[in-house]
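For reference, the structure is listed below as structure tokens.
The values are calculated or read from the model by the stated rules, or taken from the named source; none is laboratory data. For clarity, every value in this text was computed on a predicted model and none was experimentally measured. Positions of Cβ are generated from backbone atoms using ideal geometry, with glycine treated the same way; all protein chains shown enter the neighbour counts. We work out accessible area using only protein heavy atoms, side chains counted, and drop any ligands, DNA or RNA first. Shrake-Rupley method; radii C 1.70, N 1.55, O 1.52, S 1.80 Å.
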Amino acid sequence: MSALTPDYDSDPDRFRTGKRVTARYARADLYAEVAARLRGHEPILDVGCGEGALAAAAFGVIGLDRSPTMLASAPRPSVQGDAAALPFASGRLGAVASINVLYHLDEPVLAIEEARRVLRADGLFAAATAARDDSPELAHVWRAEPSTFDAEDAAAIVASVFGVVEVDAWDAPLVHLPNRDTVRDYLVARLVPRAEAAERADAVLVPLDVTKRGCVVYARK
């Protein structure tokens, strides 16, 4: 099974479109919730930091991303690097977070093993991802492709490295899409080509509350 193809350098506006929709219309803040759990475990490494959403919600965050375009807008400190080969010594970090990132990797276990390596004793790991049946109200115009790290399998994958895990799952109408344009942008953020997203949005009755399904998996070293 192949991982999703990232386009953060070739088409960064797709990612930013998703950020704008979430910032304006989401009824919960995943980054704030994860930040609250990681408080007291600084320094925190944000693997796949993008433009720094976790750093905006928490203190003591070090960003890491392989995309120079994302890092150009991310707060410092940040470093370009690979999730499967972290440029940090073993046992140096208090927490490692990977929010909506591991499904981009062909072998997410390698990144989880690296996260465990760089954590100090009792360090905390957090990995968030969506479920394959996320956004069911849009199933007639969009369905998520199975990935290497979906919510259905995330706990077992993390447990294969850390052992005991804790799962914080969500299944609730957490995004309100008031009109056709916001549906279009929501679909664009999910890798639907822009022209096609506009056509699909025409088939959606608005306003619409979208059910978000997924989880954060937490584990301690």
Evaluation of Ala195 against (1) touching a residue at least 12 places away in the same chain (Cβ under 8 Å); (2) open to solvent by 60 Å² or more (accessible area, probe 1.4 Å) (one fails), failing number: (1)
Suppose we keep only residues that are aliphatic (A, V, I, L, M) and assigned to a loop (DSSP other than H, G, I, E, B) within segment 65-83. Which one would you say is nearest to Ala55 (Cα to Cα)? Ala74
Inspect all residues belonging to segment 150-173 and state whether any of them is open to solvent by less than 20 Å² (accessible area, probe 1.4 Å) and either part of a strand (DSSP E or B) or at pLDDT below 95 (or both). no
Show the residue pairs meeting these rules: Cβ distance below 7 Å; 6+ apart or different chains; first residue within segment 1-26 and closer than 11 Å to Ala189 by Cβ; second residue at pLDDT 95 or above and in a loop (DSSP other than H, G, I, E, B). Arg14/Ala189; Phe15/Gly50; Thr17/Ala189; Gly18/Ala189; Val21/Ala189
Looking only at segment 85-139, how many residues end up being among the polar types (S, T, N, Q), in contact (Cβ under 8 Å) with a residue 60 or more places away in the chain and either in a strand (DSSP E or B) or over 24 Å from Val210 (Cβ atoms) (or both)? 1
So which residues in segment 66-100 are open to solvent by less than 20 Å² (accessible area, probe 1.4 Å) and either under 18 Å from Ala128 (Cα atoms) or of a type outside the set (A, V, I, L, M, F, W, C) (or both), if there are any at all? Ser67, Gly81, Ala83, Gly94, Ala95, Val96, Ala97, Ser98, Ile99
On the given criteria, is Leu187 farther than 20 Å from Ala97 by Cα, part of a helix (DSSP H, G or I) and in contact with an Asp or Glu (Cβ under 9 Å, 6 or more places away or on another chain)? yes
Restrict the check to segment 202-221 and report whether at least one residue is assigned to a helix (DSSP H, G or I) and in contact (Cβ under 8 Å) with a residue 12 or more places away in the chain. no
